[in-house]
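Since every read-out is calculated from the coordinates, none of them should be taken as a lab result. Bear in mind that the values here come from a model prediction, so they are computed numbers and not experimental data. Please note: Cβ atoms are built from the backbone with ideal geometry, for glycine as well, and neighbour counts cover all protein chains shown.
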Amino acid sequence: MYIIALSKENKRNKEKQPKVNEEEIGVMIMSQTIREQVREIPGATLKYVEELFGEEMDKILGLARLLKVKAGKRFITQNDEIRGIYILIAGKVNVLEEYRTGDVYIFQENTVPSIFGEMEIIADMEGFLASLLAKTDCLLVVVPKNVYTDFIRRHPQILYQRAQFNLKDLLTSGRDNRLYLQLQSTDRMKLYMIRKYKRKDTEEHCVLSMTKQEIADEIGYSQKTVLRALKVLDQQGYLTVSGHKILIKEEQYRKMVDSIEQITCDSYK
């Protein structure tokens, strides 16, 4: 379950990151190099790209380009014209909602493999629904819009599968959003910590070295509310706060998951 933590409280993160010109952060690389780099990536990413494009993978990658983005740089701004799909093959990307009031909210963190722009293209939309910011140094394969559109039109079964995947994700997110709005601050914090644990870089426990303000910006609460929620979860044994670090052991993670699953079952009875 992935909960979209769309803030209603946080008014702190109003400073907008400047959009970066792709000439400053992107590099055009020979198509053969793109294919080689994708094939060298271990695990699920290569399989993801192979399943996406099938026998035409090499052909499509030959028409694509690689985009390198440094951490902290925005490479897509909400409502930008969609010129292609962006396939994340390395790094982490924050998805941002921006409002006319100037408020900017991080509502989702994407890891590899992920696709941006696909849902909008399938829905025949002209602009991106959200902004994209590199949380870490990122590497993306950019497939031109006309190339991807031609591909899915020639492969209706793949179009059906991708539309099914995106619709399922959208409906699940909507359901989880409604549940999220009903949760208390401590339960929202559990969901946040569950996501962080799942993305840990080691096989052991999860150690978060984040400031309370960084957590507040991501979860959509004030720093005071974050401090209070962390204190409660620490006292209840769901995690351990040690100075500026938060430790989550496997048994604590499982305890949080069991707690949230119980809330979910009760909410949908």
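Couple of notes before you dig in:
- Each other residue within a Cβ distance under 11 Å of Gln161 adds +1 if Lys or Arg and -1 if Asp or Glu, for a net charge of +1.
- Residue-wise HN-Hα coupling along the stretch 226-237, computed from phi with Karplus coefficients 6.51, -1.76, 1.60 (Hz; x: Gly, Pro): 4, 4, 5, 5, 5, 5, 5, 5, 5, 5, 8, x
- Rounded, prolate or oblate (a/c below 1.5 giving rounded, otherwise prolate when a/b exceeds b/c) for the stretch 184-267 by Cα gyration tensor: oblate
- Whole-Hz ³J(HN,Hα) from phi, Karplus 6.51 cos²θ - 1.76 cosθ + 1.60, for the stretch 83-96, glycine and proline x: 10, x, 9, 10, 9, 7, 10, 7, x, 10, 10, 8, 9, 10
- Links that overshoot a 19 Å alpha carbon limit, given the list Lys70/Lys135; Lys47/Lys73; Lys68/Lys198; Lys47/Lys249; Lys92/Lys224; Lys73/Lys196: Lys47/Lys73; Lys68/Lys198; Lys47/Lys249; Lys92/Lys224; Lys73/Lys196
- Interchain or long-range residues, amide H under 5 Å from Ala90's placed H: Leu139
- Fewest-first sequence of Leu67, Leu183 by Cβ atoms within 10 Å of each Cβ: Leu183, Leu67
- Listed from fewest to most Cβ neighbours within 10 Å, the set Ile158, Ile85 follows the order Ile158, Ile85.
- Sorting Glu204, Glu51, Glu218 by the number of Cβ atoms found within 10 Å of their own Cβ, with the fewest placed first, yields Glu204, Glu51, Glu218.
- Label-to-label distance for Leu171 and Thr211 is 4.3 nm, based on points extended 7 Å past Cα in the beta-carbon direction.
- With the simple model of a label 7 Å out from the Cα in the direction of the Cβ, His155 to Arg199 spans 2.8 nm.
- On full extension, the segment bounded by Gln184 and Arg100 gains 27.5 nm, given 0.36 nm per residue less the C-alpha separation.
- Once the chain from Ile263 to Leu227 is taken as fully extended at 0.36 nm per residue, the excess over their C-alpha distance is 10.7 nm.
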